[in-house]
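S.K.: Would you mind keeping the following structure in view while I ask a few things?
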Ligand SMILES: *[C@@H]1O[C@H](CO)[C@@H](O)[C@H](O)[C@H]1NC(C)=O
């Protein structure tokens, strides 16, 4: 009974505050948003939703977080979460908890790696970003972030 209660409270807290990922600070989350576009009024375009331009596959890999009391299997659950700033932050946190790693092999897992993961996806994130125009735009925006 006691343990059941404790686990429930823990689960509730995790749903509200999200998982903790080392070096995924508030400043880093704001930077990841900035680099992706961070247009708060962006709905969905080309399969990418919300300020972080999250794809459905990314959301599924992140464990399908939803708005409070929503059902992840509901048709618009993905869109509604990704369009919401706080829900989309939970998507990014969950995704990094699962895929976060040292993509550029510099010995630390930091915001730069999380940015590479958002660019490439979590499974193969090590290609340098300067190889493409799109990647160079992301690099330039990342340089403007203050941590
Ligand atoms: C987080 O960043 C700090 C400073 O760059 C670094 O020392 C630390 O190893 C990083 N954490 C991980 C898990 O890589």
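The values are calculated or read from the model by the stated rules, or taken from the named source; none is laboratory data. If you're wondering where the values come from, they're calculated on a predicted model, not measured in any experiment. Note that we place each Cβ from the backbone using ideal geometry, even for glycine, and neighbour counts take in every protein chain shown.
S.K.: Please tell me if residue 94 is away from the ligand (no atom under 11 Å from the Cβ) and within 21 Å of residue 25 (Cβ to Cβ).
M.R.: Yes, satisfied.
S.K.: Inspect all residues belonging to segment 52-68 and state whether any of them is in contact with a strand residue (DSSP E or B) (Cβ under 7 Å, 6 or more places away or on another chain), under 24 Å from residue 20 (Cα atoms), more than 16 Å from the ligand (Cβ to nearest atom) and without any contact (Cβ under 8 Å) to a residue 60 or more places away in the chain.
M.R.: Yes, the conditions are met somewhere in segment 52-68.
S.K.: Let me ask something additional. Determine the pairs where a residue that is without any contact (Cβ under 8 Å) to a residue 60 or more places away in the chain, located within segment 98-109, has a partner that is near the ligand (Cβ under 9 Å from one of its atoms) and outside any loop (DSSP other than H, G, I, E, B) with Cβ atoms under 9 Å apart, the partner being 6 or more residues away or on another chain.
M.R.: These pairs meet every condition: 101/113; 102/113; 103/113; 104/113; 106/113.
S.K.: Quick one: in segment 107-136, which of the residues that are closer than 22 Å to residue 20 by Cα and exposed (fewer than 15 other Cβ atoms within 10 Å of the Cβ) is nearest to the ligand (Cβ to nearest atom)?
M.R.: This residue is 108.
S.K.: Out of curiosity, is residue 142 over 15 Å from the mean Cα position of the chain (by Cα), within 16 Å of the ligand (Cβ to nearest atom) and outside any loop (DSSP other than H, G, I, E, B)?
M.R.: Considered against the rule, which asks whether it is over 15 Å from the mean Cα position of the chain (by Cα), within 16 Å of the ligand (Cβ to nearest atom) and outside any loop (DSSP other than H, G, I, E, B), residue 142 comes out as yes.
S.K.: Same structure, new question: Just one of (1) within 12 Å of the chain's Cα centre (by Cα); (2) modelled with pLDDT of 95 or more; (3) within 16 Å of the ligand (Cβ to nearest atom) trips up residue 86, so point out which.
M.R.: Evaluating residue 86 over (1) within 12 Å of the chain's Cα centre (by Cα); (2) modelled with pLDDT of 95 or more; (3) within 16 Å of the ligand (Cβ to nearest atom) leaves (3) as the failure.
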